[in-house]
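Below is one structure, written out as structure tokens, with a few remarks after it.
Values quoted throughout were computed directly from the atomic coordinates according to the rules given, and no laboratory measurement underlies them. Since this is a predicted model, take the numbers as computed values, not measurements. For neighbour counting, all protein chains shown are included, and Cβ atoms are generated from backbone atoms with ideal geometry for every residue, glycine included.
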């Protein structure tokens, strides 16, 4: 028997065990959501016992905060060197923006599997921790805005904020999908689309237009009112934080009364997601109606999708963030519908830009949808000008403006 095989020899902990724990936790939180993951799940993934895990972190929330802050700090840390350079000319600023983009893209590609924590799971952070996380991202945006101000001094502050956020949204969008593209190709697609955003012009030309009217649901019946209530509360607080009692109170029912319409929360969530899927399919059909050429259809789809996202913010949030709480077979069905919706965008984009392969087009479509997801919560729902500007921004990112 060798020394290594001696069962009486004390076992030593790997020096990087804490890092392995954080990596396993980040991956689990990103894939399954904060509430669906237990400390036991993380311990099993690392190959240690739950008591051993608690020696490093007192509870799941502490581990969640650690993973979220570490991922955010990685992005700001990656841009430290580029941001420290002097800005004396527009050429200096362009070079800095290029280096900042390279750093953010490289870090995001590396953390692609775990980066999704930010978009949906950050709402489960307590207010002070959420503020600290926000501060990291504000620092990152400030670095881009400072360089952009020197690069394009003629751009107004509001437009600059929108353009910089769009560039960062383009990069972050890869954390929301699994499209496989060669690493060099992926970096090139992201960088080119991000530069289109940074160089973008948001001035609106041509006749004004009103946003497409949102689909109206007859909320007269208790069933529809329950779905509306579920959408609002799931979007605001997260599916796992909402109880049947919460939903019942809002529609003047007892909890038992809710069960006369739905078997439980999962059934309500499924009804909400089905509603979203139907309306997105309708948006594609609406965009294609009477469009004479693919470019016109794609531009209409951008417009309709933006208008739909403004009109149904809560529903869109629930549809893209809460599917993990459904049964596996329901998840598969709805994710297939989501992929089909993206495929409609991809087909139109390839018709307009035939030089793009299918996967390349998919990366750009997800980038455009990510820009919408990140910008809509920051604008007033009735702001028609914001909708027009965001529509143009999506066209810029797709390369069809």
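Numbers at a glance
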quantity: Between segment 222-291 and segment 131-145, the Cα center-to-center distance that results, in Å; calculated: 34 Å
quantity: Where a label projected 7 Å from the Cα of residue 86 along Cα→Cβ would reach, residues of segment 116-152 with amide N under 18 Å; calculated: 147, 150-151
quantity: For segment 34-104: rounded, prolate or oblate by the Cα gyration tensor [a/c cutoff 1.5]; calculated: prolate
quantity: By average C-beta atoms within 10 angstrom, highest first, the peptides 329-339, 96-106; calculated: 96-106, 329-339
quantity: Theoretical ellipticity at 222 nm over the chain - DSSP helices of four or more residues, -39500 (n - 2.57) apiece, nearest 500; calculated: -21500 deg cm²/dmol
quantity: Ratio of the Cα radius of gyration of segment 222-398 to 2.2 N^0.38 Å, where N counts its residues; calculated: 1.12
quantity: The chain: relative contact order as a whole-number percent, Cα under 8 Å and 6+ apart; calculated: 17 percent
quantity: Tensor-based shape of segment 70-198 (alpha-carbon gyration tensor, a/c under 1.5 rounded, otherwise prolate or oblate); calculated: oblate
